[in-house]
1. Under the condition of being under 16 Å from Thr56 (Cα atoms) and among the charged types (D, E, K, R), which residue from the stretch 66-97 is surrounded by the fewest Cβ atoms within 10 Å (Cβ to Cβ)?
2. Can you find a residue that is out of contact with any Pro (no Cβ under 9 Å at 6 or more places or on another chain), closer than 26 Å to Met1 by Cβ and surrounded by fewer than 20 Cβ atoms within 10 Å (Cβ to Cβ) anywhere in the stretch 41-63?
3. For Lys23, all conditions in the list (1) over 22 Å from Ala114 (Cα atoms); (2) out of contact with any helix residue (DSSP H, G or I) (no Cβ under 6 Å at 6 or more places or on another chain); (3) at pLDDT 95 or above; (4) among the charged types (D, E, K, R) hold save one; what is the number of the exception?
4. When the residues of the stretch 102-113 are narrowed to those that are touching a residue at least 12 places away in the same chain (Cβ under 8 Å) and surrounded by fewer than 16 Cβ atoms within 10 Å (Cβ to Cβ), which ends up nearest to the chain's Cα centre (by Cα)?
5. Of the residues in the stretch 12-45, how many are in contact with a Ser or Thr (Cβ under 9 Å, 6 or more places away or on another chain), over 18 Å from Gly92 (Cβ atoms) and not in a helix (DSSP H, G or I)?
6. Give me the pairs: first residue in the stretch 50-79 and closer than 19 Å to Glu101 by Cβ, second residue assigned to a loop (DSSP other than H, G, I, E, B), beta-carbon distance under 6 Å, and six or more apart or on different chains, which are they?
7. Among the residues of the stretch 53-60, is there at least one that is touching a His at 6+ places or on another chain (Cβ under 9 Å), modelled with pLDDT of 95 or more and either assigned to a helix (DSSP H, G or I) or farther than 15 Å from Asp93 by Cβ (or both)?
8. Residue by residue through the stretch 64-83, note down the ones that are farther than 18 Å from Pro123 by Cα and in a helix (DSSP H, G or I).
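The values are calculated or read from the model by the stated rules, or taken from the named source; none is laboratory data. For clarity, every value in this text was computed on a predicted model and none was experimentally measured. Ideal geometry is used to build each Cβ from the backbone, glycine not excepted, and the neighbour counts take in all protein chains shown.
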Amino acid sequence: MTISADHDAIVVAKYAATAIADKRGLNVVLLDVSELVVLTDVFVIATGTSNRHVKTLVQETESSLKAPEGLARRPIRREGETFARWVLLDYGDVVVHVFDEETRSYYDLERLWADAPRIAFEPVPTEA
C-alpha cells in the first residue's frame with residue numbers, strides 16, 4: 001500500500017508519536033487514512049497504562065505540538081478527557097487517539113481501519 005497522506009500531516013503525526021513514546025506510551029501506530037476518510041489524513045493511535053498515564057500522554061502531545069520548536073499546532077477539538085479511557089485530539093489533518101488498554105482492545109481501530117497503510121515510525125527517545 002502506498003502512503004498518500006500530506007507530508008505536513010505525516011510530520012505532525014510523527015511529532016505526536018514521538019511525544020507519546022517519550023512518555024512510555026505503548027503500541028504507537030500511525031495510519032494513513034487519507035484515501036479512506038475525507039476529514040483527516042493520519043490517525044495516531046497509542047495506549048496508556050492507566051487513566052493518569054493517558055492524561056499524561058495527551059498533555060505531552062499537546063505541549064510538543066504547540067511548542068515554539070514544534071509546529072505551533074493546537075487541537076481543534078478534544079474529547080474524552082474526563083474519564084481518560086479514550087482521549088481524542090483533533091488537529092484537522094491528524095487525529096490522535098490515546099486509549100487505556102481495555103478500551104483500545106475493545107474498539108480495535110487498527111482492525112476497523114485495516115485497509116489504511118501504516119506509516120513507518122520508530123520511537124527514539126529524546127534526551128530530557
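1. Taking the candidates together, the pick is Glu79.
2. no
3. Looking at each condition in turn, Lys23 falls short on (2).
4. Per the stated criteria, the residue is Glu110.
5. Final tally of qualifying residues: 6.
6. Within 6 Å, the pairs are Asn51/Ala84; Val54/Ala84; Lys55/Ala84; Thr56/Lys23; Leu57/Lys23; Leu57/Gly25; Glu60/Lys23.
7. Let us first name the residues in the stretch 53-60 that are touching a His at 6+ places or on another chain (Cβ under 9 Å), namely none.
Taking every residue of the stretch 53-60 in turn, none turns out to be touching a His at 6+ places or on another chain (Cβ under 9 Å), modelled with pLDDT of 95 or more and either assigned to a helix (DSSP H, G or I) or farther than 15 Å from Asp93 by Cβ (or both).
8. Taking the stretch 64-83 and keeping what is farther than 18 Å from Pro123 by Cα, we get 66-69, 71-83.
The answer is Lys66, and nothing else.
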